[in-house]
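The values are calculated or read from the model by the stated rules, or taken from the named source; none is laboratory data. Quick caveat: nothing in here was measured; it's all calculated off a predicted structure. Quick reminder, even Gly has a Cβ in these numbers, built from the backbone with ideal geometry, and neighbours come from all protein chains shown. When the accessible area is computed, the model is the full protein with side chains, heavy atoms only, and any ligands, DNA or RNA have been set aside. Shrake-Rupley method; radii C 1.70, N 1.55, O 1.52, S 1.80 Å.
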Amino acid sequence: MAHAESHKAFIWKVFGILSLITAVEVILGIVKPDALYLGQILGTSPLNWIFIILTLMKAYAITWYFMHMADEKASFRRAVVWPTVFLIIYLVTLLLIEGSYLHDVLSPLVKWDY
């Protein structure tokens, strides 16, 4: 019975951490501080980078704990995690490039409300 209780406590701990990260994302999305929103780092605002990093942290935690990757062999973890990391980096890069292009092309036609 103690084993089941420890798993319940662990699941609630991970749930709390994921909820905290989500709450930070929501608060930053609502407040949108000018210092983070109006600057530019590597083609986008620091606020966007914070969202990307926090989302990747949540995806990693969900994969690691709820898909039980911590209990798998190292070679299997690498086979699952490495391609996923590279594909996510590729996707983020493409989205930032295309978003910047669309903003540059449409900016004479659209009034962007910041």
Keeping every protein chain in place, order Ile89, Ile30 by accessible area at 1.4 Å, biggest value first, i.e. largest first.
-> Ile30, Ile89
For the chain, built as a Gaussian network whose Cα springs stay under 10 Å, the top-fluctuating residue of Ser75, Ser19, Ser100 | Ser75
Quote the accessible area belonging to Val24 in square angstrom, nearest 10, computed with a 1.4 Å probe and with ligands, DNA and RNA left uncounted.
-> 60 Å²
FRET E, pair Ile89, Val24, Förster distance 25 Å, beta-carbon r, rounded to 0.05 | 0.65
Tell me, what is the 1.4 Å probe accessible area of Lys8, in Å² to the nearest 10?
-> 120 Å²
Would you rank Glu98, Glu25 by solvent-accessible area, highest first, keeping every protein chain in place and using a 1.4 Å probe?
-> Glu98, Glu25
Please find, in a Gaussian network model of the chain (springs between Cα atoms separated by less than 10 Å), the residue of Leu56, Leu36, Leu102 whose mean-square fluctuation is greatest.
-> Leu102
Trp49 accessible area, 1.4 Å probe, all protein chains in place, Å² to nearest 10 = 60 Å²
Decide, for the chain, between rounded, prolate and oblate: order the square roots of the alpha carbon gyration tensor eigenvalues as a ≥ b ≥ c, take rounded if a/c falls under 1.5, and otherwise choose prolate if a/b is larger than b/c, else oblate.
-> oblate
Please say if segment 8-71 is rounded, prolate or oblate, where rounded means a/c under 1.5 for a ≥ b ≥ c the square roots of the C-alpha gyration tensor eigenvalues, and otherwise the choice is prolate for a/b larger than b/c and oblate otherwise?
-> oblate
Among Val85, Val31, Val14, the residue with the largest mean-square fluctuation in a Gaussian network model of the chain built from Cα contacts under 10 Å is Val31
Segment 1-75 accessible area per residue, 1.4 Å probe, protein heavy atoms, integer Å², reads 73 Å²
Report the residues of segment 64-101 in range of a label on Leu56: point 7 Å along Cα→C-beta, backbone N strictly under 16 Å from it.
-> 64, 81-97
